[in-house]
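Values quoted throughout were computed directly from the atomic coordinates according to the rules given, and no laboratory measurement underlies them. Because the structure is predicted, anything quoted here is derived from the model rather than measured. Note that we place each Cβ from the backbone using ideal geometry, even for glycine, and neighbour counts take in every protein chain shown.
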Amino acid sequence: MNPNEEYVNVPRKGKGLRGLIIGLVVFVLVVVVFANSLVITHQNEYTVVKQFGAVVRVMDQPGPSFKIPFVQTTQTIPNTLMLYDLAVSDVITSDKKSMIADCFVTWRVTDPYRFIESLSASITNAEYRIDAVVYNSLKTTISSMTQEAVISGRDGRLAEAILANCDNTFDQYGIDITAVETKTLDMPTENKEAVYERMISEREKIAAEYTANGAYEAQKTRNNADKEVDILLSESEAEATVIRAEGDAQYMNILADAYDTPEKAAFYSFMISLDAARESLAGGNKTLILDEDSPLASLFYGQQTVVGE
């Protein structure tokens with residue numbers, strides 16, 4: 001082998017290796033620059049792009065985007081509904097009754113620019129503000145209501161009042177309170193028994209009033225019914241008296257016609273005697289015994305005499 005040829009090949013291998021190393025370094029740099037400039041925004045989050053600490057833009061739609069590498073930085077902020085649980089606290093109603101309230105708040109970031117400027121994009125800072133504002137609203141709302149109104153307001157009216165008392169306080173922080181709900185709203189243990197007894201007494205009083213009103217209405221109805229019955233009986237009695245009077249008048253007219261002449265009077269007496277005899281002969285006994293002085297016998301005797309003549 002020619003020594004000169006071997007001496008010439010050595011520098012060629014070194015040049016190729018340097019080229020490979022440079023290419024690899026360039027590739028790595030390109031990958032690093034591309035990775036540093038690529039921004040991926042995920043679902044339910046904001047991506048904030050900053051340059052020297054100042055917000056350049058905010059991406060609220062999921063997908064890839066780009067930034068200036070090594071100059072601009074990114075920060076993510078949740079874009080979803082979050083929950084904050086307030087500490088259990090004692091509150092006083094307008095009628096000076098103590099109650100224990102345990103509430104939670106649902107909230108979300110609506111303006112990332114204000115959220116960053118006012119709270120430094122810190123969830124902890126946001127929860128601190130929420131705790132202070134909602135707690136003050138809770139105390140103010142309950143202190144303006146009686147204990148009975150607070151208990152009856154657990155159907156949603158109390159939560160609405162607490163939320164309304166917050167006004168637009170959270171707009172300056174770029175967040176929105178969607179709901180304030182009470183997990184527990186109860187009386188201290190030492191007060192429960194007295195409150196329960198008072199509630200029972202009030203319910204019994206209401207029940208007694210209903211019973212008294214019902215008894216009064218029932219008696220009123222009975223009195224009206226008795227009055228109507230008396231009126232109907234009076235009217236019926238009056239009509240019966242009129243009918244009896246008319247019947248008596250007709251009876252007297254019949255008697256007057258029957259006794260109009262001696263012959264009619266005798267015949268009428270004879271028929272009455274026969275009717276009396278027929279009633280006496282009712283049943284199995286067919287024998288009629290009369291005394292001579294009996295008016296009935298005298299009628300028969302008189303009739304026989306008339307027939308014999």
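Rounded to whole Å and ordered largest first, report the semi-axes of the equivalent ellipsoid of region 163-244 derived from its Cα gyration tensor (root of 5λ).
After scaling each eigenvalue by five and taking roots: 66, 23, 7 Å.
With each label point set 7 Å from Cα along the Cα-Cβ vector, what nm distance links I243 and D275?
2.1
Project the alpha carbons of region 94-133 onto their principal axes and report the range along each, largest first, in whole Å.
Ordered largest first, region 94-133 gives principal extents of 44, 16, 15 Å.
What is the set of long-range amide H partners of V39 at a cut-off below 5 Å, with H atoms built 1.01 Å from backbone N?
S65, F66, K67
For Q43 and N136 in one chain, what is 0.36 nm times their gap in residues minus the Cα-Cα distance, to one decimal in nm?
30.1 nm
So, how do all the Cα-to-Cα distances of region 66-205 break down into 5 Å bins, in percent, from 0 on up?
Pair shares across the bins are 2, 9, 17, 18, 14, 11, 8, 6, 4, 3, 2, 2, 1, 0, 0, 0.
Could you list the square roots of 5 times each eigenvalue of the Cα gyration tensor of region 116-179, that is, the equivalent ellipsoid semi-axes, sorted largest first and rounded to whole Å?
Working from the Cα gyration tensor, I get semi-axes of 27, 10, 9 Å.
Residue separation times 0.36 nm, minus the C-alpha to C-alpha distance between D102 and N223: what's the value?
Additional length available on full extension: 37.9 nm.
Let me know the Rg and Dmax you get for region 54-97 when you use only its Cα atoms, in Å.
21.5, 64
So what's the Cα pair-distance distribution over region 9-128, bin width 5 Å, in %?
In order of increasing distance, the bins hold 2, 9, 13, 12, 11, 9, 8, 7, 6, 6, 5, 4, 3, 2, 1, 1, 1, 1, 0, 0, 0 percent.
Provide the net charge surrounding T74, with neighbours chosen by a C-beta distance below 9 Å and charges set as Lys +1, Arg +1, Asp -1, Glu -1.
+2
Net charge within 13 Å of K183 by Cβ-Cβ distance, Lys/Arg positive one each and Asp/Glu negative one each, not counting K183 itself?
Around K183, the charge tally is -3.
In whole angstrom, and with the biggest value first, how far do the Cα coordinates of region 33-75 range along each principal axis?
26, 22, 11
Rounded to the nearest 0.05, what FRET efficiency do F66 and E181 give with R0 = 35 Å and r taken as the Cβ-Cβ distance? Could you check?
0.25
S94 label point, 7 Å along Cα→Cβ, cut-off 12 Å on backbone N: hits in region 138-157?
Inside the label zone: 141-150.
Which listed residue (M199, F267, G214) has the Cα farthest towards the positive end of the charge dipole for region 196-267, taking +1 on Lys and Arg C-beta and -1 on Asp and Glu C-beta about the Cα centre?
M199
Could you calculate the contour length gain from V30 to A256, that is, 0.36 nm times the residue separation minus the distance between their Cα atoms, to one decimal place in nm?
Between V30 and A256, full extension yields an extra 66.7 nm.
Using the beta-carbon distance between D155 and E209 and R0 = 22 Å, what value does 1/(1 + (r/R0)^6) give for FRET efficiency, to the nearest 0.05?
Efficiency, rounded to the nearest 0.05: 0.30.
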